[in-house]
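Peer 1: First, the structure itself, so that you have it in front of you.
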Amino acid sequence: MFPNLLPNALQYLLASFLWSKDSPSHATPPPLRFELRHIHALANSSRIVFSDVRLGSSNFAAEDYGVSTKPVAVHRPASHASFSSARFRGLTNISWDEVEVVGPDIQDRDTLLTLAKMTNNAYSEPTDSEWYDLGPDWINDTYPFGWEPDADGFRGHVFATPDNSTVVISVKGTSAGWLVGGGGPTTKKDKVNDNLLFSCCCARVGPTWSPVCGCYEGSYKCDQGCLEKSLAEDSLFYSVGTNLYYNVTYMYPNSNIWLVGHSLGGSLASLIGVTFGAPVVAFEAPGDKLAAQRLHLPSPPSVQHITHVYHTADPIAMGTCNGVASSCAIAGYAMESKCHLGKIIRYDTVSQLGWSVDIRTHGIRMIIEKLLVSDWDGGDGDNGTHKAVPDLFQEEDCVDCFNWEFGDYRNVSTSSCAYNGL
């Protein structure tokens, strides 16, 4: 009876030490089962707040929510101190360790479906109607600390397998009525992060806009140093996300950690995955390569452990929801980036399914209920070439903000800055 008296986090920590993790084998590992372990949130004071879920009170039904896995090669900084120093000095080349870990089988549709449902649930508490039921053994019994009406920051859930071998951090995206069917207390900070991470220059879309930072220099010119300083503020979600990752690795020191997210949450998951060499599946995320460059994230030899899943009718993921007359701009969002890190699984819903490009197709439920419910036949079921999911590919010759000039305009002794790295 003694272990039941221990706090949840200590129970998980002890279980992690007792679990002996073998090196990944090239043989196909068995499917994983997950439990909800923690609700995480950013309180008003920028503290990461965890709400524990009672051990054993929640569970995936294995037959419905198994996650197939496969070995994945990732690159991790040989030293996080050198990584941070390189970011501070604007360097892109550091030493990396290549490690093989157990990651999700991203070409297995059921695996993507389960991860997408975890991603959707980052927007809700288990008692909400929008929460996907994760099987008959799931009990919606949580202590939602950090999800009070006045909490206004970084949110999500932490799932773990019963043996703690794998942990999934699910990161919430933008909460706004025009995107996911409801607003909420995080809307203001979500919008600030969107406009800083995905706009060309501080959300300077037109002369009537109030930019989120003072880096615009006129005539499509933007001060690069000002931009990078603005993105480095600790209150921004990337910094909070790295703090969250450190917290999770402290509680689960021997676990494989994956990240998933939708929209803004998917891009944040990707940026954190680059920082720590963790497998990532991002759904309907805006282009994240621009933000990685501006955050001065050193470039690993490969970012193939990051996978973006989206469809061609979503203007945000496609990078076409821009311009003063776009749906995004009308709502006050400058979503101008389009280039993604890592690998792409893209459903051609426009030419092969006849979907119209519409901001309303951006919700994670479109992926869950329209695209991942069955194998992909590309809208041409007569040719007998059904696939579980579309083929993987990598974006080539993608350029963000081609009509802008970026330089150190506030220090004429320094030459113009070009993008490097990722």
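Peer 1: Between rounded, prolate and oblate, where does segment 159-273 land on the alpha carbon gyration tensor, with a ≥ b ≥ c its root eigenvalues, rounded for a/c under 1.5, else prolate if a/b exceeds b/c? All intermediate terms of the calculation are to be shown ahead of the outcome.
Peer 2: On the way: a/c = 3.26, a/b = 1.89, b/c = 1.72.
Since a/c reaches 1.5 and a/b is larger than b/c, the shape of segment 159-273 is classed as prolate.
Peer 1: To the nearest Å, what is the center-to-center distance of segment 212-249 and segment 279-316, using C-alpha atoms only?
Peer 2: With segment 212-249 and segment 279-316 each reduced to a Cα centre, they are spaced 17 Å.
Peer 1: Pairs Lys70/Lys188; Lys191/Lys343; Lys172/Lys370; Lys229/Lys338; Lys117/Lys191: which exceed 28 Å Cα-Cα? It would help to have the intermediate numbers written out before the result.
Peer 2: Numbers: Lys70/Lys188 39 Å; Lys191/Lys343 26 Å; Lys172/Lys370 21 Å; Lys229/Lys338 22 Å; Lys117/Lys191 23 Å.
Among Lys70/Lys188; Lys191/Lys343; Lys172/Lys370; Lys229/Lys338; Lys117/Lys191, the Cα-Cα distance tops 28 Å for Lys70/Lys188.
Peer 1: Fewest to most neighbouring Cβ within 10 Å: what's the order for Lys370, Lys229?
Peer 2: Working: Lys370 15, Lys229 12.
Final ranking by Cβ density, sparse to dense: Lys229, Lys370.
Every read-out reported here was derived from the displayed coordinates using simple, explicitly stated rules and does not represent laboratory data. Bear in mind that the values here come from a model prediction, so they are computed numbers and not experimental data. Virtual Cβ from ideal backbone geometry, glycine too; neighbours counted across all protein chains shown.
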